[in-house]
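In what follows, a single structure is set out as structure tokens and then discussed.
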Amino acid sequence: MIDKSIDLNEIIKSRRTIHNFISGKTPDKSIIKDAISTACWAPNHHLTEPWHYYFLGKETVSDICDLNKKMLIETKGIEAAERKYKRWMEIPGWIVVTCLKSDDEMRYQEDYAACSCAIQNLMLVLWQKAIGTKWSTGPVVRDERFYDLVWVNKDMETVLGIIWYGYPADIPQTTRKPLQQVMTELP
């Protein structure tokens with residue numbers, strides 16, 4: 001049965017990428033686990049269910065922040081690296097999402113799309129519970145050392161990104177292109 005009291009259109013339209021979270025206020029892990037469970041209902045060709053979620057603890061988060069800091073010192077300098085390190089260490093919740101690899105390129109494309117749908121599902125379910133998210137795909141997640149830090153076998157899985165979560169300190173405003181710019185009707 002469909003619950004018509006939930007305005008899915010409003011949830012989708014109001015969800016934003018959250019850059020600033022309320023410090024020291026981490027959502028209960030059971031809420032996040034329930035959201036992941038729901039997210040796994042994403043469409044996936046041949047029911048491959050190619051996603052995997054890794055909850056990161058404080059030690060792993062600290063190790064990732066250290067790695068990112070080292071990478072940034074090389075490219076942006078110590079001051080920028082220190083600022084980002086401090087900011088990252090204050091993010092309340094961290095999840096890494098991976099996708100199973102496949103030797104079949106078409107299957108991998110389908111699985112990657114399915115994982116992207118699952119991530120969107122996760123972000124929408126959390127948004128409905130007033131928990132904001134940011135899907136981060138920066139250089140650190142593509143670094144070989146990152147895979148070791150999160151115990152992911154690079155031969156079997158691809159890291160799609162880090163999902164940061166927490167209660168929003170602020171909610172950015174945005175707009176979208178008009179429908180006429182993004183849709184074409186064919187005869």
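Only the coordinates and a few stated rules stand behind these numbers; no lab work does. Since we're looking at a predicted model, the values are computed, not measured. All Cβ positions, even for glycine, are placed from backbone atoms using ideal geometry, and neighbour counts span all protein chains on display.
The figures follow:
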read-out: Relative packing of peptides 100-109, 123-132, 151-160, 30-39 - highest average C-beta neighbours within 10 Å first; value: 123-132, 30-39, 151-160, 100-109
read-out: Dipole-positive endmost among 38, 14, 113 within the chain (Cβ charges, Cα centre); value: 14
read-out: Label point distance in nm, residue 62-residue 12, each placed 7 Å from Cα along Cα→Cβ; value: 4.3 nm
read-out: At most 16 other Cβ within 10 Å, DSSP loop - trypsin sites (Lys or Arg not before Pro), the range 57-95; value: 76
read-out: Entries of 69/154; 29/76; 58/129; 29/134; 13/154; 33/70 with Cα pairs more than 27 Å apart; value: 29/76; 13/154; 33/70
read-out: Longest to shortest principal axis, alpha-carbon extents of the chain, angstrom; value: 56, 43, 37
read-out: Average Cα contact separation per residue, the chain, under 8 Å, 6 or more apart, as relative contact order %; value: 35 percent
read-out: Efficiency of FRET from Cβ geometry, residue 5 and residue 169, R₀ 22 Å, rounded to 0.05; value: 0.15
read-out: Whole-Å semi-axes of the ellipsoid equivalent to the range 1-99 (Cα gyration tensor, √5λ, descending); value: 32, 18, 14
read-out: For the chain, cysteines whose Cβ has no other cysteine Cβ within reach (under 4.7 Å); value: 40, 65, 117
read-out: Of the GluC sites (Glu not before Pro) in the range 36-92, those whose Cβ has at most 16 other Cβ within 10 Å and which sit in DSSP loop; value: 90
